[in-house]
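One structure is given below, encoded as structure tokens.
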Amino acid sequence: MRPVIITANWKMNTTPADAGPLAADIAKATDVANVTRIICPPYTNIAAVSAAVEGTGVLVGAQNVHAEAKGAYTGEISASMLKGLVPWCIVGHSERRRDQFESDELVGQKVVQLVEAGISPMMCCGEQLEEREAGAALATVQAQVKASLETVLAAGNGLPSDLVIAYEPVWAIGTGKTATGADAAEMANAIRATVADLAGAEYAESVPILYGGSVTADSFGEFIAEPSIDGALIGGAGLKPDQMTVIAAIAAEAAAARAAA
Ligand code: PEP
């Protein structure tokens, strides 16, 4: 059975001084059973958040990693630098695809680096509004996932057993708009079909797929009610303990219902 996962992506918010207390508040507010809880602070606040959540069960993730192992990349962070600091790392977030022009293949190379460092990859994908309006959402996202995972496969070690895919329609991120639960579920099924083509149905069924895009306490229930959706990647609401309390409670109910089914 796939885990239920809620991940807070703090983006470029919080400071070393306020990240720890906020993480401690969120850890306390989300203390539920059978839900994997992950907080992804900025790099500079990983130490403070890790200290604050120690013993709470909350896991810490980075928001990005470089695609190369080391070298002349001023200001960048490699997977080996994150090793031992975080068990998780987001790659391919649409804000990086937009601002740093990250390609699907580069995202795949980042996954390869994370696997080598023993860090679990949370790989994002998602279509633009024009692509959805043109009826090309499924094909667009399937092509993204295929290109990234083919890059991972080309490294020769198969696909990682701890891969998580986050489906985040770009038009829903930070906009207050969300996909419908049914559309997100249709996309999750399409993503799993692509993964199955590359690595078999059994593996595809084992990969958790999260929805992301303006998830709040009010909207999360619609997504986790879909059997193909295993949780959420949460931006704005991930900075708010009161929002995370409700999201975690709904996630725990879903995890219990799935375990009982
Ligand atoms: C995100 O950061 O991945 C995200 C989905 O942000 P928001 O929830 O604010 O839309």
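The values are calculated or read from the model by the stated rules, or taken from the named source; none is laboratory data. No experiment lies behind these values; they were computed from the predicted model shown. Reconstructed Cβ throughout: ideal geometry from the backbone, glycine too, with neighbour counts over all protein chains shown.
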If the requirement is being within 16 Å of the ligand (Cβ to nearest atom) and in contact with a Pro (Cβ under 7 Å, 6 or more places away or on another chain), which of these qualifies: 184, 179, 172, 232? 179
Pairs, please: C-beta under 6 Å, at least 6 apart or cross-chain, first residue among the polar types (S, T, N, Q) and in segment 231-250, second assigned to a helix (DSSP H, G or I) and more than 9 Å from the ligand (Cβ to nearest atom)? 245/29
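Where residues in segment 199-214 are closer than 22 Å to residue 169 by Cβ and more than 16 Å from the ligand (Cβ to nearest atom), which of them is nearest to the chain's Cα centre (by Cα)? Can you show your working first?
Residues of segment 199-214 closer than 22 Å to residue 169 by Cβ: 204, 207-214.
From what's left, more than 16 Å from the ligand (Cβ to nearest atom): 204, 207.
Values: 204: 16, 207: 12 Å.
Among residues in segment 199-214 that are closer than 22 Å to residue 169 by Cβ and more than 16 Å from the ligand (Cβ to nearest atom), the one nearest to the chain's Cα centre (by Cα) is 207.
Tell me whether segment 53-67 contains one or more residues that are part of a helix (DSSP H, G or I), hydrophobic (A, V, I, L, M, F, W, C), free of Cβ contacts under 8 Å to residues at least 60 places away in the same chain and touching a helix residue (DSSP H, G or I) at 6+ places or on another chain (Cβ under 9 Å).
First, pick out the residues of segment 53-67 that are part of a helix (DSSP H, G or I): 53.
If we keep only those that are hydrophobic (A, V, I, L, M, F, W, C) too, we end up with 53.
Next cut, free of Cβ contacts under 8 Å to residues at least 60 places away in the same chain only: 53.
Next, from what is left, pick out any that are touching a helix residue (DSSP H, G or I) at 6+ places or on another chain (Cβ under 9 Å): 53.
Yes, segment 53-67 has at least one match.
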Residue pairs within 7 Å by beta carbon, gap of at least six or interchain, first lying in segment 120-136 and touching a residue at least 60 places away in the same chain (Cβ under 8 Å), second in a helix (DSSP H, G or I) and among the β-branched types (Val, Ile, Thr), listed first then second, are 125/141; 125/145; 126/141; 126/170
Among the candidates 127, 133, residue that is away from the ligand (no atom under 16 Å from the Cβ) and of a type in the set (D, E, K, R): 133
Quick test of your reading of the structure: residue 25 fulfils all but one of (1) surrounded by fewer than 20 Cβ atoms within 10 Å (Cβ to Cβ); (2) in a loop (DSSP other than H, G, I, E, B); (3) at pLDDT 95 or above. Name the failing condition by number. (2)
Scan of segment 1-21 for residues that are of a type outside the set (Ser, Thr, Tyr) and over 20 Å from the mean Cα position of the chain (by Cα), ordered by number: 16, 17, 18, 20, 21
Look through 86, 32 and report the one residue that is in a loop (DSSP other than H, G, I, E, B), away from the ligand (no atom under 16 Å from the Cβ), in contact with a Cys (Cβ under 9 Å, 6 or more places away or on another chain) and at pLDDT 95 or above. 86
Among helices (runs of 4 or more DSSP H) lying entirely in segment 103-180, which contain 3 or more residues that are surrounded by 21 or more Cβ atoms within 10 Å (Cβ to Cβ)? 104-117, 137-154
Residue pairs meeting the criteria (Cβ under 6 Å; at least 6 apart or on separate chains; first without any contact (Cβ under 8 Å) to a residue 40 or more places away in the chain, in segment 91-113; second assigned to a helix (DSSP H, G or I) and within 13 Å of the ligand (Cβ to nearest atom)): 102/96
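Quick grid of which residues meet (1) hydroxyl-bearing (Ser, Thr, Tyr); (2) out of contact with any Cys (no Cβ under 9 Å at 6 or more places or on another chain); (3) under 26 Å from residue 75 (Cα atoms):
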site	(1), (2), (3)
99	no, yes, yes
121	no, no, yes
138	no, yes, no
141	no, no, no
168	no, no, no
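Being among the small types (Gly, Ala, Ser) and within 16 Å of the ligand (Cβ to nearest atom) is true for just one of 78, 94. Which residue is that?
Numbers: 78 fails: within 16 Å of the ligand (Cβ to nearest atom).
Sole residue among the options that is among the small types (Gly, Ala, Ser) and within 16 Å of the ligand (Cβ to nearest atom): 94.
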Can you pull out the residues in segment 1-20 that are surrounded by 13 or more Cβ atoms within 10 Å (Cβ to Cβ) and not in a loop (DSSP other than H, G, I, E, B)? 4, 5, 6, 7, 8, 9, 16, 19, 20
